Structure formats: C-alpha cells, structure tokens
Amino acid sequence: MTNTRIPPARAARPEPSPPPAPRRPPARDRGTRLLATLFLAPTIVGIVVFTVVPIAGSVGLSLFHWNVIDSPSYAGLSAYGEVLGDETVLVSFRNTLVFMVFAVALQLLVALTLALAVNGRMPVWLRSVFRSAFFFPLVLSAASISVVMKYLFNQDFGVINWLLGLVGVAPVPWLTSENAAMATVVLVYVWQQFGFSFLLFVGGLNNIPKEIHEAAALDGATGLRKHLTVTLPLLSPTLLVASVVGIINALQVFEQPYVLTNGGPGDSTRTVVMVIYETAFEQLRFGEASAVGVLLFVLIMAVTALQFRLSRRFVHYQ
Amino acid sequence: MTDSHLTRRALLRYGAYGAGAAALAGTAASWDRLTGADIPGRDDGSLVVATLGPAYGPEAIRTLQEGFAELHPDIKLRINAVQAVDWSDFFAKILTQVAAGTAPDLVYVATEGVQLFAQRLGVALDRWVKRDAAELKEYFADVHPSLVESMMYEGSLYQLPVEFNAADMYFNRQVLTRAGAAFPPADWTRDDFTALLRDMKRTGGARFTPYFWTNRLWGGVVPWLFANDTNLLAESKAPGGQWLWDGFYPAGQRAGRGGGFRWTTPQATHDRVEEVYDYLASLIQDGLCTRPEGGNGQNLIGVFSTGRVGVTPAGGFWAGGLHLAGMERDGFDVQYFPRWRTQRMQYGAAGYALLRTSAMQDEAWEFIKYAARRDTLERLFATNQTTPARRSLLTADRYAKTGPAHWPVFYDTLDRFPDTGPIPAPPQVAEVEQVLLKHTGTALASPRSVRPALRRMQGDLEKAMEREV
C-alpha cells in the first residue's frame, strides 16, 4: 500500500522493529509438505482440468463468434449484448428462477416431511424399505423418467387423465397449458430429486441427540412446536447444505423440460440450460451460448453467496 | 512507497513461477490445436460414413458394408450409426464431430440439412456426375426430378436422393368402419376431411381423438400451408442446373426446374398462413385433433394401431412401422393429403453428402453411387421403413405383406401433383424450425392467440433469416 499522508498520532509512535527474516522450515516439515502436495495433486489437477479450464474456456469463448465450421472471430463483449437483448434468453432466466423457487421449496418440504415420518416409530425393516424407495428415483436416468412421465401426463391418452376421468374429472392439460406445464415439470423434477435431500435430512435427524428432544418434551414442547423450536434449528446446517445443492441443481435443470415439453407451450418452460443447448448445438452460435453459460454461472455464484450470507443469521451449529 | 516485506529470495521464486507459467502458456498457444483425429488409432484409413442410427440398424449396416466390399474390396468402409432423436439432433452430433476434428467423409443428410451442409460443409457432386453420366442415366431415369431438385443448392447437385417421404394421410380402417365412413377419394377436400373427423368423433367415444399430428417441420403445419397454397418462407428457385436437367431428363420433366429451392422472406403473417392456423385452432377447440404439444411420434404408432386415433399424416415409412407394431395389412390405408386451395404436398428426401474435409473424395463418390444402386436400395429398404427414391422399387410385391392397399399413393404423390415440394429448409433451418414449433404451440392455444403468435413468429423468423449461419 502506498502512504501519501502520515497522521501525526501515528508518526509519534516509535518505529516498529522490522519483522524477523523468514526462515526455511526444517527438512522434516518440507518433506511433510511435499507429501501433502503429492497426495493433493490428483485432486488439484482434476479440478484444474475439469473445472477451472472449462470455465476459463467458456469465458474465453464468450468473447468470440464461432459456428464450429469456421475459425472463431473475436467479438469482444458483443455476445453479452446480444443475449441480454434476446427475449427468449430473458424469459428462460425468469422461468429458471421461478422453477428454482418452487422446485427447491417443494423438494425440501417433501423431503423433510418424509424424513421426519420415517424417523418416527416404525419397524427397522420398514424404515429401510422407505429409505430405499424414496432414494430410488434419484438413481434413474432423468431422460427416461421424463419419457415415461410424458406418456402418463399426456392430455388425450395419458393414464393420469384416464384415472381422473373415472371420477368425473375433465382431462387436465398437464403439458399443454402454460401454467400447468411448469407445474408438471416441477412435480416430475421433485419426484425424482427429493431423495437426495431426504437422505441428508435422515442423517441430520439421527445426529440430533435424543436428550435434547427429551428435555424439550419435559418442558412441554410436543408435535409441530417441538419440530419448529428444536428440530429445525438443530437441523439448520443440513437444511443449508440441502438448499445450496438443491438450488444449484435446479438452476441447471435441462432433461425434464427438454423431454416433457421441449420448452413449450411457447417459451413457458424453456430454461437457461435449454437455451444454451439450442444456441450452441442447434443454431451453432457457440459464443452466444457461452455468454449465456457465463451469466448462469454468475447467477449461481451470486445466489449461493447470498445463501451463505443469510445462513449466518439462520443456521445454528451445535 | 510500497509497504511490503517481499524478500529477494521470494521475489526470485515468484518470478520463476511467473516465467514458468508464461512459458507453459506460450508453448500451449504455439501448438497446433489437438483434435480427436490425433488420438492414436482413430484414423485407420477407412472411408467413414455417418448415418442416422435409428434408421440404420445393424442389419442395414451389414448389408451396406458387405455389398460395398464386394464392389470395392480395396476401400475400407466404416459406418458410424449416430443415435439421435430426429434430424436436428443428428446434425448437432455430426457438427460436434466436425468441431472435434473427427468429421466423417460422408453424412446421411435429409432435406432438413441439405442447404446447411451444402453451404458450409459439402462438396458439389457436379464433376463426378458429369464424368459418370453414362453410368447414372439409369439412376436418374428411375428417380423423380423433384427429388433430385431438392438436393440441389444454387445450381449444383450435392446428394443423390435414395429415399423420401411425402406427408400423405393414413387411416385406421377399423375407425373408418365404426364411423360408417367410406374411404375418401383421391380428390377429397379439406371440408370432406373435417366432416370425416366429426363422424369419427361422434362414434369414437370420450377417449378418442380423430386427428393426431406432430408439431415438427415435416408433417406438422407445413402440409396444411402447402395445401392452402402458401409457405412459411417465400419460395423460389435458384438459377442453374440446366446441365443436369438437359443431360438426364426429357423435356416434359425438366420444364420449370432450376438450380434448387430458395427459401427467403418469412411470411408468417400472410392471410393464408393465418387461415391455416385458424383452421387447426378450430379443430382443437372442437376436440377433433390433438394439441401440438400432445402429439409426438413416440406414442403415435401405439394410439393409431389401437384405434384411439383415426387419421394422421405420415409417409411411406409408416407401412413398415405399422406392420412391425402388429397391424394387419388391411387394418390401415393411405390417401393423398386433402385439397384446400391446391393439393400440393410436402416431402423430405435424404441422401449422402460429401464433406469438404474428406481426404477420400473419390472413394466417397464410389460409395454414393453404390448407395443409390437399385440392388442396394432393394436390400436396404426391404422392410418398408421408408419410400425408396427409385420408382421401380415400389411394386405390389413390396407391399403385399405390409400393406397398405393404396401403396401407389406414395410415389404417385410426385407424379399426380407435380408442384409437390420439399419442406422449407434454408441453411438457417435449425432456428427456423425452433421458431415454428415454439410459436405454433402458442398460436394454437386458442383461436384468439393465432394473430399475436404469428406476429411474434414473423419477427423471430426475420431475425433468424438475417443471421449468418
């Protein structure tokens, strides 16, 4: 730092003694450091090659016009101007944020409710069955689940409308009306994804000492009140992890809207990652697609940073 | 003054790190770009042909390879069947291979991609066609000139068509009988079509939808636009191509031919386009047809073969498809698309495009000729999974097992309605298709949505067509 003016009070202080010259660590410490570096090297190389370089490459590519066939041509920040002026891109960001809010909220609510239920009194074998059953959709391919769901939710020929028809309900346009389509995509996504949050919550609930619950019961806290005042605060670190992972995944949603609705009707379920795919691989505008990718990256970083910032107030570590 | 405690040793160390990083960056920047072709063993000197995976199963690939090996034992052939949902997905994957530096020598390209490949990646076949004219006389005599013209771009020929599919109308015979309706005549009209749908609906029950269609470029809204004597983009013909027409086709067939189609100015707000959307919106309102998002090819065969759908547009490819789904040959039939202002129909064709990056262009031409031979197509398309581009292959014998009874419709579409043309597929086809599908969904939400959605479609199409591909 360059000092241009020295305050008198500080100038009156005695001159601090210079810091001792750094000394070379002993040979044994140097060996330990080298060993640690060697053990960490594969992870660091992996992160650099598979995360840092692609991110840097994407940022670099966003400054070029590139159609795969011809050589890239430098375009400065024009791709950002172009995508920010594109109505489809803006709508996709809005859709993605709406999707994120509803999907993550529903995912956490369903997962937490089921985790509390499974953690209640029941035979061990039944608990294992529920844990496996709730986690199972997560290991399936999102694309194949979406194909099956597309059949089930078909307005004219789907099983769900057929079942509703048996009780006199008129066919519901699950995938063919703008509002219902987004809701259906959220439902399908949550059905598949809540298993991860569920497992986190089950683990988190098991880590809460029973004595605390017993003490709360002695103080008269039962039922919902006990969960709100005791369980939730103690589970807040797990909730933070589940919500951070959930939000990051939801902001990158692709398979479900792509297969179920292809972004329609109109643009009502078109998400940011769908726009990236379409812009890059269908329209061959890799620079613009990278610019959208960089904007999504910034959005994810901002939302995650905001979450951690807010977590200081709401997360309680034991 | 800088407040720092950087020692000389540390300064030297960081300097060395910086120099090392700069040296690494400089070395990396000075290297030629590594591509997939640099992987040892990747380039084994084979002629690489990329085909659409679902259309070319293992049996078809073996047929192609064995036949070619007999004719050209000196050319090593590798067929790469690329799995893709549709042509758009297939082209995306081929372009990814091009970007990775592992471009195939030949790509199977349908009408959707003919101009994109011709403009950016393809090699015109003119010089080889002229050189081997005597050998190709028999081929061109067997292939309708309209199909050949759809493979031309700005006066040059880029592919020899080997298959095509026109959007004709398929009927479930059982549904027709249930509705008490007769099989429609060849010159039936749009009003006849609507009346037929109403008859079907009346007798079909609550869970029956008379008309099923898929929202896509081929067979979606476009056949109705053609029938109403309009198009999504203004259509004209490029000059040139006389060398081909004069060389291979008689005067009667070459009249009006040019150097390929041009699709330029968007006309989504044209009155006739609006009429088409109004008509389809009214069918949806009346419960006579599926919404655009509801229909897709994946479940179409199932709902058609079980009688939950009565009518749908499809090409010759469905003869084999319905047979494989278990439909008897007399369980379904096919007729021309109904007349509106015209009875002009739409089709898509496909053939092999030779890429500029190929180092084996002469060998690739030999494969193109081989793939268009009569015996090759006869073996390749034995299951009626498409309509062969060669007229002589459409025989009663071919359709005796699979049906339909009115199989001559498949090729006669081209003869009976000579203005029948390819789907609009300019080089910007990917974006054009995306805009079409998106706004078709919105336009058909209700009859009131048609005009605003078409205005937005027009704006988006104009932007798409202005963009350099």
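The values are calculated or read from the model by the stated rules, or taken from the named source; none is laboratory data. This is a predicted model, so every value here is computed, not measured. Counting neighbours? That spans all protein chains shown, and the Cβs are built from the backbone with ideal geometry, glycine included.
Among the residues of segment B:245-277, write down those that are part of a helix (DSSP H, G or I) and either modelled with pLDDT of 95 or more or in contact with a Pro (Cβ under 6 Å, 6 or more places away or on another chain) (or both).
Selection gives B:TRP245, B:ASP246, B:GLY247, B:PHE248, B:GLN253, B:ASP271, B:ARG272, B:VAL273, B:GLU274, B:GLU275, B:VAL276, B:TYR277.
Quick check on my filter: what residues within segment B:450-469 are touching a residue at least 24 places away in the same chain (Cβ under 8 Å) and more than 9 Å from chain A (Cβ to nearest Cβ)?
B:VAL450, B:ARG451, B:LEU454, B:ARG455, B:MET457, B:GLN458, B:LEU461, B:GLU462, B:MET465
Within segment B:421-432, is even one residue part of a loop (DSSP other than H, G, I, E, B), under 19 Å from the mean Cα position of the chain (by Cα) and away from chain A (no Cβ under 14 Å)?
So far as segment B:421-432 goes, yes, one or more of its residues are part of a loop (DSSP other than H, G, I, E, B), under 19 Å from the mean Cα position of the chain (by Cα) and away from chain A (no Cβ under 14 Å).
Taking the residues in segment A:210-258 that are small (Gly, Ala, Ser) and within 30 Å of A:VAL292 (Cα to Cα) as candidates, determine which candidate is surrounded by the fewest Cβ atoms within 10 Å (Cβ to Cβ).
Within segment A:210-258, the match that is surrounded by the fewest Cβ atoms within 10 Å (Cβ to Cβ) is A:SER243.
Restricting to helices (runs of 4 or more DSSP H) lying wholly in segment B:1-115: which have 2 or more residues that are modelled with pLDDT of 85 or more and not assigned by TED's automatic domain parsing to the domain that holds B:LEU217?
Those helices (runs of 4 or more DSSP H) span B:58-71, B:87-99.
Conditions (1) assigned by TED's automatic domain parsing to the domain that holds B:GLU112; (2) buried (at least 19 other Cβ atoms within 10 Å of the Cβ), marked per residue:
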site	(1), (2)
B:TYR352	yes, yes
B:ALA382	yes, no
B:TYR411	no, yes
B:GLN434	no, yes
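Output the residue which, of all residues in segment B:172-205 that are among the hydroxyl-bearing types (Ser, Thr, Tyr) and under 19 Å from B:VAL334 (Cα atoms), is surrounded by the most Cβ atoms within 10 Å (Cβ to Cβ).
Across segment B:172-205, the extreme among qualifying residues is B:THR194.
Has segment B:180-203 got at least one residue that is at positive phi and of a type in the set (Asp, Glu)?
no
In segment A:227-256, how many residues are free of Cβ contacts under 8 Å to residues at least 60 places away in the same chain, under 14 Å from the mean Cα position of the chain (by Cα) and assigned to a helix (DSSP H, G or I)?
4
Which helices (runs of 4 or more DSSP H) does segment A:5-102 wholly contain that include 3 or more residues that are aliphatic (A, V, I, L, M) and at pLDDT 90 or above?
Answer list for segment A:5-102: A:27-47, A:53-61, A:78-84.
Taking segment A:176-217, which residues are over 20 Å from the mean Cα position of the chain (by Cα), polar (S, T, N, Q) and closer than 28 Å to A:ARG121 by Cβ?
Selection gives A:ASN206, A:ASN207.
Out of segment B:206-241, which residues are touching a residue at least 40 places away in the same chain (Cβ under 8 Å), surrounded by fewer than 17 Cβ atoms within 10 Å (Cβ to Cβ) and within 13 Å of another protein chain (Cβ to nearest Cβ)?
Answer for segment B:206-241, where residues must be touching a residue at least 40 places away in the same chain (Cβ under 8 Å), surrounded by fewer than 17 Cβ atoms within 10 Å (Cβ to Cβ) and within 13 Å of another protein chain (Cβ to nearest Cβ): just B:ARG207.
Evaluate segment A:191-200: report whether one residue or more is within 14 Å of chain B (Cβ to nearest Cβ), among the aliphatic types (A, V, I, L, M) and in a helix (DSSP H, G or I).
Checked against the condition, which is being within 14 Å of chain B (Cβ to nearest Cβ), among the aliphatic types (A, V, I, L, M) and in a helix (DSSP H, G or I), segment A:191-200 yields no hits at all.
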